[in-house]
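Read the structure below first, then the notes.
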Amino acid sequence: NSELQWATVAVDQSWICNADFGCAISAGYGPSRRARRPQYQWFFAGDGLITTEALLNLGQFARSRQELEFILKHQDPATGMIWHEISQSARHLDWIGKFPYMYVHVDLSFQFLDELLVYVQRTGDIDFLRTHWKQIQAAYRYCESTVDPVSHLPHIPESKSGANEQDKLSDELSLSTAWLSTSRSFAAMATLVGDRDSAAAAQRSAELAAPLIAPRYWDEKSNFVVSAFTQDNRPVQGRTLSASSPELLALLSSEQRNSLLDQIASADFQTDWGPRSMAPGENYAPATYAKGSVWPLATASVAQTFWSTGRSWQAEAIWRTLFPGQFLDSLGHLPEVYSGSFYREQEESVPEQTWSSASLISITTEGLLGLGVDAAGHRRLRFSPSLPASWNSLRVRNLQLEKSALSLEINCSPGALELAIDNRGEPFALDFNPLLPLGAKVLTVKLQDRSIPFSQVAPEADARYETRPAIAASVPRGSSRIVIAYTGGVSLLVPLPAFKVGDTSHAYKIRSVELDAQTIHFHLDVPSDRASEILLRSAHSLGRATGARLESGPGPHTWRLVFDPRPGVLGYSAAEASVEVAPN
């Protein structure tokens, strides 16, 4: 709660009212340092869009709309392109003519349309779409204008840049997957305003692009993806976090998808303070700004990918790495970027970057809590909480659903999970998919003491990696209670990160955990200079372990799975272990 309150303060402090431009979100605060721009007390559309999502998760709908209107106010009227950054003093300069900062980032127009759909789904504000539909269409036409007629994927004009502004590129994996999501987002918004022709055309664009992305970017030799291609069509070397895109993963085979996730979860990418933007190898430079450094923004994104792909234990471990940074420099604020080799801020890092704090809010709300609202005519709530095993309860208050609010409270006891709902508005549809101990078997689900149907596995879940049942219910006005009774299962007690400035990474990294019948298989990277232990909890006895020692844990129904140190590369070595689980 304290961490979220600090992040909320940071987001509130980013709201600046400028006499020339009005009020909007700034990118953060920090010194200019030599000849650089003030870091970053300017208006950035990208930072504003990321922070808009945090505002939505905080229930600040009016301010979210104000930010989106501010962004549209400065849209390029000639092309429909969404702008990149505006100095606080831009009214007194030839900002667009003499400076290169305004209309330079191709990817922001794609990002704007995706975030706009999120805004409408969360608020139900279809009137915003109707009011600004011509500008929204113009932004989509700009995105369309970048699409190559041969490859059917976006191409970056020579005078512009994509998400990677460090290198001159012809196309990016992140931009191609953005085209896929943006076409779908625009189709959904066109449907809401009754523009059927535009919706159908955008949907066709998505269908055309989808099968072309994996062949373009998958590299069989490295068993990884290429993040981008240069202007002369050479692949950019290096394994990067662009591989963690949910849109990309949905296009790959299960073998390719699991291989990428296992690699991203490994010590090649993961540090104790978050994932590196690039893994060690060619072009890797962890002390530089963008080739191996650690960004809280990317940390939140990667955690979300692991939650959305059914790997909650890895997601929780990554999510936890965000919190220590709030007290590293500017009290209660997350910095922009860390070194990838030692726990310290990069030299260029802003001590208070708005999108870092905003991403902490959003990943906690959308990832850990698994909250999703569709208020655009549906009045539907998705609640897929992934409670850490060390938590017995959770309360969410003042959750906005259209024009009413509701509260959710979870209480856990051995073999049971109870959800209490206080709904102050009209009835709504609930999709409830809570995380249970791995391998647990659901016995009954009751709503108001009446049994209701359920599925043992949610549609997006994989029973090998996590246990997450699917429950659909119509929730009436007033107080309601859903009780899940289950038996069996094993939980991992994810440790809190413990490191100080100057440390290298030393915590184990779980690549994957897989349940096969009554055996749990662990694949992980362990530090070479010290023993590692995984703390497990199970209401039933654990059986024989191979590959590691199984010992009694510090509390009831807990066990330690201990790995001895072994020689390795870059301070880590690969390890495997299996643990037998007693039948339910």
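Quick note: the coordinates plus some simple rules give every number you see, no bench work behind them. The shown structure was predicted, so the numbers you read here are calculated from the model rather than taken from an experiment. When we count neighbours, we look across all protein chains shown, and the Cβ atoms used for this are built from the backbone with ideal geometry, even at glycine.
So the values come out like this:
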| quantity | calculated |
| --- | --- |
| Neighbourhood charge, 13 Å Cβ-Cβ cut-off, centred on Ser474 and excluding it, Lys, Arg +1 and Asp, Glu -1 | +2 |
| Cys residues of the chain counted as unpaired, since no other Cys beta-carbon is under 4.7 Å | Cys143, Cys412 |
| Residue-averaged 222 nm ellipticity for the chain, from DSSP H runs of 4+ at -39500 (n - 2.57), nearest 500 | -9000 deg cm²/dmol |
| Ordering of 297-304, 150-157 by burial proxy (mean other Cβ atoms within 10 Å per residue, highest first) | 297-304, 150-157 |
| Only Lys, Arg (+1) and Asp, Glu (-1) charged, at Cβ; region 53-148 dipole about Cα centre in debye | 340 debye |
| Shape category assigned to region 27-70 from the gyration tensor of Cα positions, a/c cut at 1.5 | prolate |
| Extreme residue, positive dipole direction of region 414-477, given options Val442, Ala429, Val475 (C-beta unit charges) | Val442 |
| Relative contact order for the chain, counting Cα pairs under 8 Å that sit 6 or more residues apart, in percent | 11 percent |
| Sparsely packed trypsin sites (Lys or Arg not before Pro) within region 221-273, loop by DSSP, other Cβ within 10 Å at most 10 | Lys221 |
| Between region 344-386 and region 187-265, the Cα center-to-center distance that results, in Å | 22 Å |
| Calculated P(r) of region 385-516 - Cα pairs past 20 Å, % | 52 percent |
| Around Asp114: net Lys/Arg minus Asp/Glu count, Cβ-Cβ under 12 Å | -3 |
| Cβ-placed point charges (K, R +1; D, E -1), dipole of the chain about Cα centre in debye, nearest 20 | 920 debye |
| Dimensionless Rg/Rh of region 190-232 - Kirkwood Rh, Rg from C-alpha atoms | 1.24 |
| Å³ per residue enclosed by the Cα convex hull of region 1-49 | 93 Å³ |
| Reported label for calculated volume of the Cα convex hull per residue in Å³ given (1) 193; (2) 152; (3) 217 | (2) |
| Region 257-340: translational diffusion in µm²/s, Stokes-Einstein, Kirkwood Rh over Cα pairs, 37 °C, 0.692 mPa s | 253 µm²/s |
| Interatomic Cα distance distribution for region 479-584, bins of 10 angstrom, percent | 13, 42, 28, 12, 4, 1 |
| Summed side-chain charge close to Leu68 - residues other than Leu68 whose Cβ falls under 13 Å, Lys, Arg +1, Asp, Glu -1 | -3 |
| Average Cα contact separation per residue, region 1-147, under 8 Å, 6 or more apart, as relative contact order % | 19 percent |
| Spatially close lysines, pair count over the chain: Cα under 27 Å, gap of eight or more or interchain | 15 |
| Size-normalised alpha-carbon gyration radius of region 339-383, reference 2.2 N^0.38 Å | 1.77 |
| GluC sites (Glu not before Pro) lying in DSSP loop within region 409-473, provided at most 13 other Cβ fall within 10 Å | Glu460 |
| Radius of gyration, Dmax [region 85-159; alpha carbons; angstrom] | 15.4, 43 |
| Region 80-229: mean projected area of Cα convex hull, nm² | 10.7 nm² |
| Mean separation of Cα contacts under 8 Å (6+ apart) over length of region 339-399, as relative contact order % | 20 percent |
